[in-house]
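Structure first, then comments.
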Amino acid sequence: MKPYQTALYIHIPFCKRKCDYCDFYSVCNSSIQDALLEQIPLQIYSLTSDYNVDSFKTLYLGGGTPGLVSIKGLSLLLAQVRKLNKGVLPGEVTLECNPSNVTRDRIDAWKSMGITRISLGVQSFQDAFLKKAGRQSSRSLILNALTQLHDASCFDLNIDLIQGLPGMTQQDQIQDLKEAVNWHPDHISWYSLILENGTVLKDQWSRRNGLLEEDNDLAWETGCKILEGEGYDRYEISNFCRKGKKSIHNSSYWKLEPYLGSGPSAVSMLKNSDGKIKRFRTKADAQGYSQGHFSYEESETIEVLDCLKDTLLMGLRLSEGVSSQQIKNIFGWEITELFPHSIKRWVEADCLIYDGFSLRPSRRGMNLLNSILISIFEELDKQKCAFTLNWPSE
Ligand code: SF4
């Protein structure tokens, strides 16, 4: 099997305290941090050998709170990744951090160790909502972090915002968005709050008030217009960027390219020696992991039809859509042969755009994506095509 390139995700599963809406895996026991960090390069080495991975296109340090990791710990980790990647770090290296992690010393260290992009978990600029979300943050911490990052001016900056925290009106949401825009970040991720099972917020606030839902929709429409007016491209349903500032790492997920996930609970999608696609999760067990036990769960081989559906499910979230050539290269069919009726129907409804090179959602289509996908999948299920699988496409 030919070696191939992947995106690399490292999950750092430590947080000071669990936020009330969060269902990402993290623990508050930082005493095992050093031991866990030492294991990460070993797992990466093991997976690259088992799945014949050649090198890494991007690196994303997510969590948890990677910004909490000591300068020494992070620097050692990145030095190991560099060794595993032919002596260089990928061109895009993103570090997720919370406002309280940002200090002048850390900024200097992050820069010198090769971080190129900071994703700052702001979520809201308003103390009342930060408190409701159980965030260990405050407006003053956020403004301090943004001022320091702005003054240092050495990273691409993403600001993460949550739309629709409990009690947020349309005005509150727009106020947050406008305040984020005033800092001129390169990228803004504006996600709707999803009340995940098992989170404190879900238990406290299980029924949404109809008026607030309506407010969220209005805020969404207004917010998209504001961002576009300020020069941000809505390149993915919930992600906006200035020209040339897309997240290359996250784009790999949306384009269904291979990714290697290291650290407890991280998911990988890699090519198996039999040519099939394997997706699996590292067990969410920080204690066991820190002692060198890498076990995997939710392991599945992705069938070709499911891979095609996933490619469409993710790709149609992007304003650039799905490339006809990519579909042909991977699955051996022209996109117009696969679901011609759905293409015709949704193009006529001004929801999809097809120009021979790509199939992409219109602005209207982005808001109706679920209905579009249901109709495409129903048509695909009736197809009798014999698919090839040539993944990842070159
Ligand atoms: S939202 Fe971020 S900081 Fe809060 S618990 Fe989740 S991973 Fe940790």
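Every number here is computed from the coordinates shown, using simple stated rules; none is lab data. For clarity, every value in this text was computed on a predicted model and none was experimentally measured. Note that each Cβ is placed from the backbone with ideal geometry, even for glycine, and that neighbours are counted across all protein chains shown.
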Next item on the list: Report, ordered by chain and residue number, the lysines lying within cross-link reach of Lys72, taken as a straight Cα distance under 23 Å and ignoring same-chain residues fewer than 8 apart.
Entry: Lys16, Lys83, Lys86, Lys111
Checklist line | Estimated FRET transfer efficiency when R0 is 41 angstrom, pair Arg364-Ser46 (beta carbons, to 0.05) | finding: 0.30
Next item on the list: Hey, for a label at Trp333 modelled as a point 7 Å past Cα toward Cβ, could you say which residues of segment 282-313 have their backbone N under 14 Å away?
Entry: 304-312
Next item on the list: Counting only DSSP beta bridges with both residues in the chain, tell me the antiparallel percent, nearest 5.
Entry: 40
Next item on the list: Please give the contour-minus-distance gain from Asp355 to Ser238: 0.36 nm per residue of separation, less the Cα-Cα distance, rounded to one decimal in nm.
Entry: 39.7 nm
Next item on the list: Mind telling me which of Lys283, Lys243, Lys18 comes out most flexible in a GNM of the chain, alpha-carbon contacts under 10 Å?
Entry: Lys243
Check: Radius of gyration and Dmax for the chain's Cα atoms, expressed in Å?
Finding: 21.3, 60
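Could you work out the relative contact order of segment 9-145, using alpha carbon pairs under 8 angstrom and six or more residues apart, expressed as a whole percent? Write out the running numbers ahead of the final one.
Working: 193 pairs, mean separation 37.2, N = 137.
Once divided by the residue count of segment 9-145, the mean separation gives 27 percent.
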Checklist line | Among 338-348, 381-391, the order from most to least packed when residues are scored by Cβ within 10 Å on average | finding: 338-348, 381-391
